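Working notes, beginning with the structure itself.
The values are calculated or read from the model by the stated rules, or taken from the named source; none is laboratory data. Here the structure is a predicted model, which means the values were calculated and not measured. Quick reminder, even Gly has a Cβ in these numbers, built from the backbone with ideal geometry, and neighbours come from all protein chains shown. Side chains are part of the model used for accessible areas, which takes the heavy atoms of the whole protein and leaves out ligands, DNA and RNA. Shrake-Rupley method; radii C 1.70, N 1.55, O 1.52, S 1.80 Å.
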Amino acid sequence: MHKELADHFLNPRNVGDAGEPRFTGRSASLICGAHVRFSIQVDESHAISEAKFRAAGCDVLIASASLLTEQVTGLTTAEAAAIGQEGALSPCAQLACEALLDAIRDFSNAARDDWAGDEALICTCFFVSERTIEREIQARGLTTVAEVTAACNAGAGCGSCHQLIEEILATNDKGKMTHNI
Ligand code: FES
């Protein structure tokens, strides 16, 4: 095991639950039964002010989750999601990344529901509104979530907005068909 990871296994950091209000994510392996819970506290600028974990599993899982809590503290949820999506070298480390992404999705869903701005907020990771997404779809003739992400970043973080972007694409497509009749 890498020296830094070995140190995190022998002295795991940030074990426990983040303070309230916290956002929680979980992941588990059906193969080995390991499971991990990641919880984060997020400040007004969408930066992770506290990250904690609880895990039952192998040394790689515990060390990876511990390391991840240190890596993401102070980052915005979008930056942390990018780390979670990088893809880990081992399935156990990947489990920790998935729990982190799940916690960020938990935050994003809550932030979207709480949003009180004039325009509906779709992508809380990158603050992209429904109107901006519609504008991009119409101006560029976009038809997929990947194209929307490439055009305006919406969907490039935790992925919790993908379903909503799909719905905007579908509504726009229906509108086009109605105009063509
Ligand atoms: S809300 Fe996270 S990627 Fe859009």
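Full extension of the chain between ALA82 and ASP7 yields a length gain of 24.6 nm, computed as 0.36 nm times the residue separation minus the alpha carbon distance. Of all the accessible heavy-atom surface of the chain, with the other protein chains kept in place and a 1.4 Å probe, what percent is carbon and sulfur? Carbon and sulfur together cover 52 percent of it. Each residue of the range 47-52 was assigned a 3J(HN,Hα) from its phi angle through the Karplus expression (A = 6.51, B = -1.76, C = 1.60, θ = phi - 60°), giving 9, 7, 8, 8, 9, 9 Hz with x at Gly and Pro. Sequentially through the range 128-134, phi angles give Karplus couplings (6.51, -1.76, 1.60; θ = phi - 60°) of 10, 8, 4, 5, 4, 5, 4 Hz, Gly and Pro residues having no value and appearing as x. When Rg and the Kirkwood radius Rh are both evaluated on Cα atoms of the chain, their ratio Rg/Rh stands at 1.07. Pairs of Cα atoms nearer than 8 Å and 6+ residues apart set the relative contact order; for the chain it is 18 percent. The HN-Hα couplings worked out from phi for the range 88-97 by the Karplus form 6.51 cos²θ - 1.76 cosθ + 1.60 (θ = phi - 60°) are 8, 6, 10, x, 6, 5, 4, 4, 5, 5 Hz, whole numbers, x standing for Gly and Pro.
GNM on the chain, alpha-carbon springs under 10 angstrom: the most fluctuating residue among ASP118, ASP102, ASP59 is ASP118.
Accessible area per residue was computed with a 1.4 Å probe on protein heavy atoms; ILE137 scores about 10 Å².
Taking the range 27-59 and a reference point 7 angstrom along Cα→Cβ of ASN109, the backbone N atoms nearer than 18 Å belong to 27-28, 36-42. Residues whose amide H falls under 5 Å from that of LEU75, counting only those 5 or more places apart or on a different chain, are ILE48, with hydrogens built in the peptide plane.
Protein heavy-atom accessible surface, 1.4 Å probe, per residue over the chain: 53 Å².
Mind grabbing the base-10 log of I(q)/I(0) for the range 1-68 at q = 0.18 Å⁻¹? Debye formula, identical points on the C-alpha positions, no solvent, two decimal places. The Debye formula, applied to the Cα set alone, gives -0.68.
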